[in-house]
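The values are calculated or read from the model by the stated rules, or taken from the named source; none is laboratory data. All figures in this text were calculated on a predicted structure; none of them were measured in a lab. Neighbour counts run over all protein chains shown; Cβ positions are idealised from the backbone, glycine included.
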């Protein structure tokens, strides 16, 4: 079977996008892993699937798979690419699109300048929402082992449709992101894993951020990670409602009014190339 695809990215967080409405197919976890391979496949952080809606109040269903073949709940950079894809491919004429994910409905708005604004929904600080085996608190600490030595990490935890732990660091450039991300992400108190954000506060309206994503590793950008950093920094009294987040791949504009308000994220979505692949070769 010949499978057409589009390669896209949001600030360097890259995706293979498949239109399963026009080309229905079922992929195994092994096939996803092979497609994700940057040497023998297409190469991507996540696979985005566009599906027909299964309820009347949404325009599409949206599924996301990490490069290790596991399905995940949400991807903010992917959501922006999703919106650009369905418009560019003529799957919709709407500039405001309602999309169902495994964790609920999100609203995407494609602006005249091509940027996409995403209503990411409300954050949930309840540990069970991540899930996280903990009694709810303002912040948390856990022991990890790095290079044979025990180390105590202090962090915040929130679900923004997927699970995040956010550490405040002095300098993201010198932080051992891969080592800490691997160790904390595998902590048994996060039974389904967790994305780890490393946030450096520059000013109340500006941060630097690196994110070690569950099932992927460090990516150039993470939209949900930026949202998690904003709400955790705001709840800790470190950040204002509107924040510019500097990620390795570029900048995201974020806002949150607190309490039960949704997080609003604005940023670019870029198509890289079109292609097709013989699916039998990755079976």
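What to note about this one:
- Considering residues of the stretch 192-208 that are buried (at least 24 other Cβ atoms within 10 Å of the Cβ) and over 12 Å from the mean Cα position of the chain (by Cα) only, the residue nearest to residue 71 (Cα to Cα): 198
- Residue within the stretch 72-87 that is more than 14 Å from residue 49 (Cα to Cα), over 14 Å from the mean Cα position of the chain (by Cα) and at pLDDT 95 or above present: yes
- Taking the conditions (1) crowded, with 18+ Cβ neighbours inside 10 Å; (2) closer than 18 Å to residue 6 by Cα in turn, residue 120 satisfies each one other than (2).
- Count of residues meeting criterion [surrounded by 24 or more Cβ atoms within 10 Å (Cβ to Cβ) and at positive phi] in the stretch 143-174: 1
- Selection status of residue 53, outside any helix (DSSP H, G or I), surrounded by fewer than 18 Cβ atoms within 10 Å (Cβ to Cβ) and under 22 Å from the mean Cα position of the chain (by Cα): yes
- Only one entry of 267, 249 meets the criterion of being touching a helix residue (DSSP H, G or I) at 6+ places or on another chain (Cβ under 7 Å), closer than 23 Å to residue 15 by Cα, surrounded by 18 or more Cβ atoms within 10 Å (Cβ to Cβ) and in contact (Cβ under 8 Å) with a residue 60 or more places away in the chain, and that entry is 267.
- Of everything in the stretch 38-50 that is in a loop (DSSP other than H, G, I, E, B) and within 19 Å of the chain's Cα centre (by Cα), the residue that is farthest from residue 78 (Cα to Cα) is 43.
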